[in-house]
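The values are calculated or read from the model by the stated rules, or taken from the named source; none is laboratory data. It should be emphasised that the depicted structure is a prediction, and the values quoted were computed from it without experimental measurement. Reconstructed Cβ throughout: ideal geometry from the backbone, glycine too, with neighbour counts over all protein chains shown. Areas reflect the complete protein model, heavy atoms only, side chains present, ligands, DNA and RNA absent. Shrake-Rupley method; radii C 1.70, N 1.55, O 1.52, S 1.80 Å.
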Amino acid sequence: MRALIAALCTAGFLPAVVLSQPTASGNAPPAAQKASSAKPAIRSAKSPARPRLAPTAPSALPGEVLVTPRAGESLKELVIRVMQDAGDLEHVARLNRLSTAVSSFEPGTRIRVPLDRMRTVPETAVVLSTGAGVQRLGAAGAAVELQAGAVLSEGTRLRSPAGAGALLRLPDESRLQLPPASELTLTRMQRVIDTEVFRIEVELGDGGAEAQVRKDRAAGSLFNVRTRYAVSGVRGTTFRVSQLAAASGTEVIEGGVALAGRAGAVEVPGGAGSVVDERGQPSAPVALLPAPQFAQPLPRYETLSFAVRLPPVAGAVAYRARLVQAASGGVPLPRAQVVTREPVAVFDGLPDGDYTLVVRGIDARGLEGFEASAPLTLKARPVPPIKQAPAADAEHFGGPVQARFTEPAGVSRFRAQLVRIEGERRVPVTETTLASPQWPIGDLPAGRYEWRLGSIAGTPSAPDFGPWGEWTAFAVVAAPPAASVGPDTDETLRLSWGGDAQVRYVVELAEDERFARGLRRSEVQGTRLALPRPTNGTYFVRVRRAVEGAAWSPAQRFVLERPVLTGTGVPLSTGDGQRVDTR
């Protein structure tokens, strides 16, 4: 009988089973007892041992996985542990051609189990990085600021403001980026028990989402992104999904996506995109726009608000540009992402540092193309002072020239340069370091001049040199004919700052650095402003672009004192060049 069973096992008609051996207590199988006539069989009060499965190496069919039993685990116990229903015992036994009574397994045994009937366990995501203002929304509508390192469970809803995003690590080690002005829900994050099979589903409410899904995921893993009009099923890929006004777009960078709407489905290969309209009909895949080509390195940017010229892309009707830093994990910082119709991106209020500029073209369907990147450096701080005098294009009628300017917070010293204009050349006249916000330049020959300033923070042993400000022109001309002494007629305060002459700016002047007392606000085109001269005293000034949400420059302090004029109308100075003022 043993020979017959062994032959059937070898031929594959029966599973490989090791029958229990006779023991001293006489609990041999009935067939063995009949074959022996030397001794009468002795029955034991103990139950006969159940079959034990020997190691096998089966192959899982599509829709199945292989499960390794635990030490001492019976088939019934395995089914209870990994299947959704204990009633699946008969099904698993038939699938593996086993008896339901198998009590244990040899080490190395693997059991075929239908994947869709296995139990799942909830998993969590982790926030790798996040910008300011990204929120986790509670069930009752309460919003909590999202923090790096936070653990997110199924059902978590996230919302990002216009200027910030977040990067998540999902339980299958995929990466999910929430761009600015977006909202999504982590509707499903589960792992099939005893496997590395994950089932992940993200629902996009508004904006977009970008995912980089592992290519080596276990067979049977799912990664779906739902929008109002379609479901994108991922097969190990890098892709983007966006919720447009009356459609949803899917862009596949590499790999492939099965895109399904209510009215149809389409396979989107790498390098292509598709738009699903509000009826749920996907468009035929179209090639994504090529990556922009940076022909030369980007310059160093030295102003708080700066414009970057983007490489044009044929077929693009708009561009998305974002600045990221290595420490942010690829997530744009607040104010570091813009969408613009022209190939020029304006950034404002970013911290100094080394960035990577990432740019994509956007086609007429709203699909975003391949991206290109280039290194970018911003060094705008400490900011240069705002000049007061000599004002831009002012004329100085003889006597010592006295330069005055504001004092940015945190600045310990200043550097100043003066050049004479000869034709198209700037001929150096002097360069100096100043400890206070005034520069007694002294007497100058008649001619055209330009001057500029820079701030110095830090300590003398470790100075932090800010960028140079813009050049400001003035002229020294011969003194006018003598005139009678009269009251001060200079009733104008003139300010200038670095920036773009084509941009509108808001300027605030106040008597305290919180800009709460004696506030005067002006809006002007360009980088110069003339105001009625306030009374003598200490004032603070700040500047920003005249657009909603633009950042203010640091507050800068200056002092107004009315000078004593000579008979020729020139401010009276002491022998060492210091101006004499009224009090």
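So here's what we get for this one:
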{"item": "Share of carbon and sulfur in the accessible heavy-atom surface of the range 59-160 [1.4 Å probe, %]", "result": "50"}
{"item": "Kirkwood Rh and Cα Rg combined as Rg over Rh, evaluated for the range 337-421", "result": "1.18"}
{"item": "Candidate residues LYS215, LYS379, LYS76: accessible-area rank, largest first, probe 1.4 Å", "result": "LYS215, LYS76, LYS379"}
{"item": "In sequence order, calculated HN-Hα J values of the range 243-259 (Karplus, 6.51, -1.76, 1.60; Hz; x Gly/Pro)", "result": "9, 8, 4, 9, 6, 10, x, 10, 10, 10, 7, 8, x, x, 9, 8, 9"}
{"item": "Å² of accessible area per residue within the range 72-160, as computed with a 1.4 Å probe and no ligands counted", "result": "48"}
{"item": "Between the range 251-297 and the range 73-117, the Cα center-to-center distance that results, in Å", "result": "43"}
{"item": "Ratio Rg/Rh, restricted to the range 154-253 and using Cα atoms, in which Rh is the Kirkwood radius", "result": "0.96"}
{"item": "Within the range 75-189: Cβ-based charge dipole about Cα centre, in debye rounded to nearest 20 (Lys, Arg +1; Asp, Glu -1)", "result": "140"}
{"item": "Charge dipole (the range 107-200, unit charges on Cβ, about Cα centre) - positive-most of VAL192, ALA140, ALA166", "result": "VAL192"}
{"item": "With DNA, RNA and ligands ignored, accessible area of LEU298 (1.4 Å probe; Å², nearest 10)", "result": "40"}
{"item": "3J(HN,Hα) from dihedral phi, the range 453-469, Karplus parametrisation 6.51/-1.76/1.60, rounded to Hz, x for glycine, proline", "result": "10, x, 9, 10, 9, x, 10, x, 7, 9, x, 10, 7, x, x, 5, x"}
